[in-house]
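Only one structure is covered here, and it is reproduced in the block below.
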Amino acid sequence: MDGEFHFPPDPLDITRYLLAVFLCDTQLSYNNPSMETPFMDLPSNNPFSTLNHPSFSHTYPSRLTIPSLSSPNYPTTSPLRFCANTTPPPILQDTDALLDSGPERTQNRRRVVRIAWEKLVRWSRSLRFKAKTDVLERTNKVAVLGGGSFGTAMAAHIAGRKPQLEVNMLLRDPQVCQSINDGHYNSSSFLESIAHHVDPHLPFISLSKGLELNSLRMMSQIIPQALSNPRQPFVALSGPSFASELMNKLPTAMVVASKDKKLANAAQQLLASSYLRISTSSDVTGVEIAGALKNVLAIAAGIVEGMNLGNNSMAALVAQGCSEIRWLATKMGAKPTTITGLSGTGDIMLTCFVNLSRNRTVGVRLGSGENLDDILSSMNQVAEGVSTAGAVIALAQKYKVKMPVLTAVARIIDNELTPQKAVLELMGLPQVEEV
């Protein structure tokens with residue numbers, strides 16, 4: 001009968017009843033009783049069925065009876081409310097109480113947030129005190145091998161850590177050396193190897209990101225061999241960082257990775273400052289492979305930008321590229337958490353989305369129709385992704401990993417595929433389950 005409600009016997013139906021009551025209890029105004037727009041249009045197999053104007057005809061649950069909007073007792077110009085002889089369940093009253101946002105509740109929330117922050121600060125101070133070492137105090141001299149933009153920025157950063165610290169940059173080009181000493185400006189390429197200047201017991205911190213083209217080796221494998229010392233202490237430094245922002249002392253976070261935990265902690269203490277956070281990692285492979293592959297992905301992101309393919313395409317491409325990097329890195333022994341961390345996702349976001357990225361710039365110009373040789377000849381810095389792309393595909397074949405996006409970049413760089421054709425081929429790939 002109209003106006004009556006009977007509780008359903010099973011708990012599942014009670015849950016449905018509560019939602020139905022909530023819907024019916026909502027105030028609705030209909031000024032036009034002949035309106036054709038349905039109040040709610042749900043699929044026919046939905047457990048709440050379809051509630052349509054003007055009569056809210058229903059097929060489920062059969063025990064719920066709601067008066068017609070056209071009934072004389074319920075004018076269409078008045079709000080419609082649940083009207084039954086049964087008192088609405090307490091859950092609705094509890095919900096109303098939860099929605100209360102009075103001054104006392106706001107004050108309590110702020111107190112909880114303040115306490116949580118104070119605990120975080122106390123934990124941070126305690127950890128810093130326990131981790132404090134005398135690495136910086138014991139270090140009197142640092143040598144930076146090479147005069148690239150980031151090597152220059154890191155040399156300046158380390159020199160500012162302690163007034164008595166002597167920092168030397170060893171450069172191959174006398175003109176570059178003179179330029180830095182006289183004008184405090186550097187525009188040279190990175191120094192590749194000066195093995196005879198390196199002590200066999202001296203910790204070596206690598207700022208280079210890339211792969212050797214023929215051997216497919218990473219810097220952790222190349223440098224000890226180049227220095228003729230397989231046991232050369234090695235640390236890889238990586239993460240989302242532009243040299244110019246580090247020089248300007250803007251807040252930055254990076255990662256030092258070494259198989260020697262004590263050496264990683266020592267590098268952390270040497271480099272960390274008020275504007276540079278340094279995390280440690282033992283996953284040298286993950287940090288290095290992410291640092292190398294993100295440059296190739298940045299070229300792909302630039303191509304999307306240069307072709308004006310839109311934000312949807314950019315998000316889809318970068319997400320796919322991140323997956324491809326993770327697939328290959330984990331096959332090589334890297335930890336998945338490294339790929340989602342600072343040296344992985346963090347560096348990928350910076351390189352793919354920011355105009356300061358050299359590799360992204362190459363991609364933008366390729367997507368705009370420029371020739372690769374013309375692009376490279378006009379640049380005064382190295383875009384590592386151009387030379388790394390071919391090595392990446394060779395690695396993918398070695399470890400039997402499919403990498404469609406990064407492979408497409410390599411083919412574009414080799415002038416075997418146009419950006420337009422690459423987009424068509426990638427969009428035409430089989431629809432598969434996301435992994």
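Descriptive notes on the structure:
- For the range 309-435, relative contact order (Cα pairs under 8 Å, six or more residues apart, normalised by length) works out to 24 percent.
- The range 300-435 - percent of accessible surface contributed by carbon and sulfur, probe 1.4 Å: 54 percent
- When both bridge partners sit in the range 198-349, DSSP labels roughly 25% of those beta bridges antiparallel.
- Measuring how big the range 318-435 is from its alpha-carbon positions, Rg and Dmax come out at 14.7, 43 Å.
- Local charge for Gly302 was computed over the other residues whose Cβ lies under 15 Å away, with Lys and Arg +1 and Asp and Glu -1, and equals +1.
- Estimated at 0.36 nm per residue, the fully extended path between Lys400 and Leu429 surpasses their Cα-Cα distance by 8.6 nm.
- Euclidean distance between Cα centres, the range 308-348 to the range 403-421, Å: 18 Å
- FRET E, pair Leu417, Asn312, Förster distance 30 Å, beta-carbon r, rounded to 0.05: 0.85
- Solvent-accessible area per residue in the range 328-435 equals 55 Å², computed with a 1.4 angstrom probe and all protein chains kept.
- Virtual spin-label span in nm between His201 and Arg122, 7 Å along Cα→Cβ: 4.4 nm
- Cα-centre dipole for the range 323-435 with unit charges at Cβ (Lys and Arg positive, Asp and Glu negative), debye to 20: 380 debye
- FRET efficiency, 1/(1 + (r/R0)^6) with R0 35 Å, evaluated for Asn108 and Ser244 via beta carbons: 0.20
The values are calculated or read from the model by the stated rules, or taken from the named source; none is laboratory data. Being a predicted model, the structure only gives us computed values, none of them experimental. Reconstructed Cβ throughout: ideal geometry from the backbone, glycine too, with neighbour counts over all protein chains shown. Only protein heavy atoms, including side chains, enter the accessible area calculation; ligands, DNA and RNA are left aside. Shrake-Rupley method; radii C 1.70, N 1.55, O 1.52, S 1.80 Å.
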